[in-house]
1. Would you check which residues across segment 5-22 are out of contact with any Gly (no Cβ under 7 Å at 6 or more places or on another chain) and not small (G, A, S) and list them?
2. Looking only at residues in segment 154-178 that are among the aliphatic types (A, V, I, L, M) and not in a loop (DSSP other than H, G, I, E, B), which one is nearest to G103 (Cα to Cα)?
3. Take segment 53-63 and flag every residue that is open to solvent by 20 Å² or more (accessible area, probe 1.4 Å) and either touching a strand residue (DSSP E or B) at 6+ places or on another chain (Cβ under 9 Å) or under 15 Å from N23 (Cα atoms) (or both).
4. Hey, can you tell me all the residues within segment 108-131 that are surrounded by fewer than 21 Cβ atoms within 10 Å (Cβ to Cβ) and either touching an Asp or Glu at 6+ places or on another chain (Cβ under 9 Å) or hydroxyl-bearing (S, T, Y) (or both)?
5. Look through segment 117-131, keep the residues that are touching a Phe, Trp or Tyr at 6+ places or on another chain (Cβ under 8 Å) and either part of a loop (DSSP other than H, G, I, E, B) or of a type in the set (K, R) (or both), and return whichever of them is modelled with the lowest pLDDT.
6. Can you tell me which of E85, E146 is within 22 Å of Y36 (Cα to Cα), in a loop (DSSP other than H, G, I, E, B) and of a type in the set (D, E)?
7. Taking D54 as the residue in question, decide whether it is at pLDDT below 95 and out of contact with any Cys (no Cβ under 7 Å at 6 or more places or on another chain).
8. Tally the residues that are modelled with pLDDT of 90 or more, open to solvent by less than 40 Å² (accessible area, probe 1.4 Å) and over 18 Å from N81 (Cβ atoms), restricting the search to segment 132-178.
Amino acid sequence: KITRIGQYALAYCSNLTSVDFSNANLLDSIGNFAFYQCTSLQSIEFPASLTSLDIYGSFCGCKKLSYVKFPTNTKISYIGNGAFESTNLTTFNVPATCVYLVGSTFSGTKIEYFTVEGGNKHFKEYNGSIFNYHLTALISHRRSGELSLPLTTNAICDLAFSAFSGNIRLEKNITSIS
């Protein structure tokens, strides 16, 4: 009957390879750095009840983490700063219920393509990157590929390029870089 995984609860568990919380129906949140530097962790499945990956780095430094699954009926609304920083993720699907997500969530990852689940009223995918719903702000750009911004985009959020490797050419419509 776990309701919360606390701060640093399983940090440095170097032999942990997978976690399946899909049946942990009461789990509501995972704390700061809860799985920090679990260097062998490859996959995690979350329960529908999960609403928050706390403010800082829940899975930061899990270098082999390449599979993350939120169920279709997930309640996740908050995915904190650095939640998946320095992991091996190559794709990420932003759930429809997610309202908070920032560029630093994916710092140092290998994300090649983001998707946003239908029905999300806070984020949209455009050319494999994450934008706010109205496409006025770039939240997170994928690891590689030419930066292509919609004409409506006038802002680039902080750490939007934290997983990016390549050249950037900004258009005249950009008025703000945080």
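1. Across segment 5-22, the qualifying residues are Y8, L10, Y12, C13, N15, L16, T17, V19, D20, F21.
2. The selected residue is I156.
3. Of everything in segment 53-63, those that are open to solvent by 20 Å² or more (accessible area, probe 1.4 Å) and either touching a strand residue (DSSP E or B) at 6+ places or on another chain (Cβ under 9 Å) or under 15 Å from N23 (Cα atoms) (or both) turn out to be D54, I55, Y56.
4. Of everything in segment 108-131, those that are surrounded by fewer than 21 Cβ atoms within 10 Å (Cβ to Cβ) and either touching an Asp or Glu at 6+ places or on another chain (Cβ under 9 Å) or hydroxyl-bearing (S, T, Y) (or both) turn out to be G108, Y113, T115, Y126, N127, G128.
5. Once the filter is applied, the top-ranked residue is G128.
6. E85
7. Taking the combined requirement at face value, the residue satisfies it.
8. Selection size over segment 132-178: 4.
The values are calculated or read from the model by the stated rules, or taken from the named source; none is laboratory data. Since the model is a prediction, treat every value here as computed from it, not as a measurement. With ideal geometry, Cβ positions are generated from the backbone for all residues, glycine too; neighbour counts draw on all protein chains shown. All accessible areas refer to the heavy atoms of the entire protein, side chains included, with ligands and DNA or RNA removed. Shrake-Rupley method; radii C 1.70, N 1.55, O 1.52, S 1.80 Å.
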